[in-house]
Each structure stands twice: as structure tokens, then as C-alpha cells.
1. Restricting to the stretch 96-114, give me the number of residues that are hydrophobic (A, V, I, L, M, F, W, C) and surrounded by 19 or more Cβ atoms within 10 Å (Cβ to Cβ).
2. Filter the stretch 115-139 down to residues that are in contact (Cβ under 8 Å) with a residue 24 or more places away in the chain and part of a loop (DSSP other than H, G, I, E, B) and give me whichever is farthest from Ala153 (Cα to Cα).
3. Just give me the residues in the stretch 115-135 being surrounded by fewer than 17 Cβ atoms within 10 Å (Cβ to Cβ) and over 21 Å from Leu187 (Cβ atoms), in sequence order.
4. Hey, among Ser154, Ser112, which residue is over 23 Å from Glu35 (Cβ atoms), in contact (Cβ under 8 Å) with a residue 60 or more places away in the chain and assigned to a helix (DSSP H, G or I)?
5. Look through the stretch 71-86, keep the residues that are in a loop (DSSP other than H, G, I, E, B) and under 16 Å from the mean Cα position of the chain (by Cα), and return whichever of them is surrounded by the most Cβ atoms within 10 Å (Cβ to Cβ).
6. Taking Val26, is it in contact (Cβ under 8 Å) with a residue 12 or more places away in the chain and over 19 Å from Glu230 (Cα atoms)?
7. Mind listing just one residue for me: the one in the stretch 180-230 that is assigned to a strand (DSSP E or B) and of a type in the set (D, E, K, R) and, of those, surrounded by the most Cβ atoms within 10 Å (Cβ to Cβ)?
8. Hey, among Ser89, Ser50, which residue is part of a loop (DSSP other than H, G, I, E, B), surrounded by fewer than 22 Cβ atoms within 10 Å (Cβ to Cβ), at pLDDT below 90 and under 17 Å from the mean Cα position of the chain (by Cα)?
Amino acid sequence: MSSFVDFRNVWLAYNDELLAQGQFAVEDISLQVTEGEFIAIVGPSGCGKSTFMKLATGLRRPSKGTVVIDGKEVTGPLKITGMAFQAPSLLPWRTTVQNVMLPLEIVEPYRSQYKAKKKEFEAKARALLQSVGLAGYEDKFPWQLSGGMQQRASICRALVHEPKMLLLDEPFGALDAFTREELWCALRDLHAAQKFNVILVTHDLRESVFLADTVYCMSRSPGRFVVKREIDLPRPRDLEVTYTPHFTDIVHELRGHIGAYRHPIGKTGAAVPQ
């Protein structure tokens with residue numbers, strides 16, 4: 001099966017001076033992600049998780065190596081992705097459904113069709129909001145929603161233009177534990193229904209194990225993948241699985257790798273030891 005995301009020996013230094021000094025934010029990143037796969041990236045603060053996201057979206061070009069997504073080398077910002085962050089950043093003067101429709105006003109081919117198909121697009125946005133439990137809140141403003149509701153709307157906004165890949169940077173980090181678990185289930189259901197690729201960056205190991213097909217652990221800076229762990233929990237998963245011994249064992253195994261001391265290495269070597 002061909003890879004949807006393919007990082008080939010990717011190194012990134014943030015400027016020419018750091019490159020000349022051999023100081024990299026991430027080094028020797030190689031990974032292959034199949035179409036529809038959900039991966040999570042975990043690691044200590046400052047290890048390069050967000051840098052990896054910038055490379056995956058085309059916001060940063062590698063200093064060395066190549067990034068290939070959907071069969072094409074990434075040379076600039078990608079249009080086939082949706083993104084959601086820890087802060088929902090909804091526009092306060094727009095209703096929830098208007099916020100969700102924003103990408104349809106900006107991203108082609110929807111932008112050129114927007115006036116003619118506005119009612120159709122609005123119906124699509126409302127259906128998406130209803131699918132994540134926001135029925136009845138479509139015409140409310142962001143300040144009338146709880147933090148969890150705002151984050152649900154943010155994820156809908158990231159998905160409304162049907163991107164092939166969803167990138168999530170600590171999307172549930174600011175929420176309480178109960179709300180976070182509700183959103184895990186909402187994201188699980190959306191992914192099961194639409195089969196888009198997901199790259200999730202998180203500090204929460206339970207979150208990564210519950211949601212992902214594969215979890216990658218990054219070392220301390222300069223970041224590189226030190227562990228690839230396939231999550232052998234059957235789908236569909238419900239929250240009860242998080243209380244099972246096998247789930248707990250996987251979480252403890254990953255915790256043992258986070259921030260592990262990494263010996264100096266040369267310029268070559270496997271980025272993801274099996």
C-alpha cells in the first residue's frame with residue numbers, strides 16, 4: 001500500500017546560521033503513513049512536535065530531505081489539510097455555523113461556488129455541527145458556548161471543506177477531563193465515518209492510545225522519533241477500554257520512552273527503531 005504521508009530523512013534548522021552550526025529543531029525524521037491512518041505524536045515540551053506539524057502542512061520547507069503528501073512533494077502550504085489548535089479561535093462576531101463555513105468562503109473550489117451554493121454549504125455545516133452534538137447551537141455566538149462546544153465547532157470548521165488530512169495541535173489540552181473524553185469520542189466517530197488522515201500532537205498519552213492507530217514518541221530536542229508503537233486495540237473503541245490492563249500497559253510503556261536520554265548519533269541511522 002502506498003503512503004499518504006512520506007517523510008524521507010527530514011532535517012530542519014530554522015535559519016541559515018543555525019544550519020551552518022549544525023543546530024537542528026528536528027533531525028532525520030522518516031515515517032510513512034497509509035491513507036486514512038490516525039497517528040499521534042507525543043514527546044516532551046520543546047522536542048519539535050509543532051515543527052513537525054509545520055513541515056506536514058508545508059509552512060516550513062526541510063533543510064534536508066523531502067516531504068511527500070498524497071503523492072506530491074510539499075513545496076508550499078497545502079490546501080488539502082484542515083487544522084485545529086488548543087485555542088478554538090472562533091470569530092466572535094460570527095455565529096457558530098458562520099464560523100464553520102469560513103473555509104468554504106476561502107478555499108477553492110468552494111470559494112468560487114460560494115454565492116451560488118451558499119444554502120447547500122450551510123446545510124452541510126449544520127449537519128456537521130449536529131454530528132458532534134451541537135444541534136440547537138448552530139446560530140449561537142462563540143461567547144454563548146462552553147469551551148468544549150467551541151472546540152467541537154473548531155474541529156467542524158477544520159473538516160467542512162472535506163480535507164484529506166486533519167492536523168490537530170493539542171486540541172483538547174485546555175479542557176477538563178470529562179469534556180476532553182467527550183471530544184475524543186466525537187473525533188473517533190468523525191474519523192470512522194470520513195476516513196481522513198489525522199496527525200495529532202498531544203501531551204496526553206491516554207489520548208494518543210485511545211485515538212491513534214500508531215503513536216510516535218519524539219526525543220528531547222533536537223527531535224527525532226525514537227519509538228513507533230502500533231496500537232493493537234480493536235476498533236471501534238469506547239471509553240471502557242481506557243480502564244483495561246492492556247490499555248494501561250501501553251500508556252506506561254510509552255511514558256517510559258518520553259524524554260529518555262538520547263546518546264549523540266551520526267548523520268545516519270533508522271529514525272524509527274522497530
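The values are calculated or read from the model by the stated rules, or taken from the named source; none is laboratory data. The structure displayed is predicted, hence computed values, not measured ones. Here the Cβ is made from the backbone with ideal geometry for all residues, glycine too, and neighbour counts use every protein chain on show.
1. Result for the stretch 96-114: 4.
2. Ranking the qualifying residues of the stretch 115-139, first place goes to Asp139.
3. Listed by number, the residues that qualify are Lys115, Ala116, Lys117, Lys118, Lys119, Glu120, Glu122, Ala123.
4. Working: Ser112 fails: in contact (Cβ under 8 Å) with a residue 60 or more places away in the chain.
Matching residue, one of Ser154, Ser112: Ser154.
5. Step one: list which residues in the stretch 71-86 are in a loop (DSSP other than H, G, I, E, B), which gives 71, 74-80, 86.
Subset that is under 16 Å from the mean Cα position of the chain (by Cα): 77-80, 86.
Values: Pro77: 11, Leu78: 19, Lys79: 11, Ile80: 17, Gln86: 16.
Here the residue is Leu78.
6. It is true that Val26 is in contact (Cβ under 8 Å) with a residue 12 or more places away in the chain and over 19 Å from Glu230 (Cα atoms).
7. Step one: filter the stretch 180-230 for residues assigned to a strand (DSSP E or B), giving 197-201, 214-218, 223, 225-230.
Narrowing the set further to residues that are of a type in the set (D, E, K, R) leaves 228-230.
Values: Lys228: 16, Arg229: 18, Glu230: 9.
Only one residue tops the list, namely Arg229.
8. Ser89
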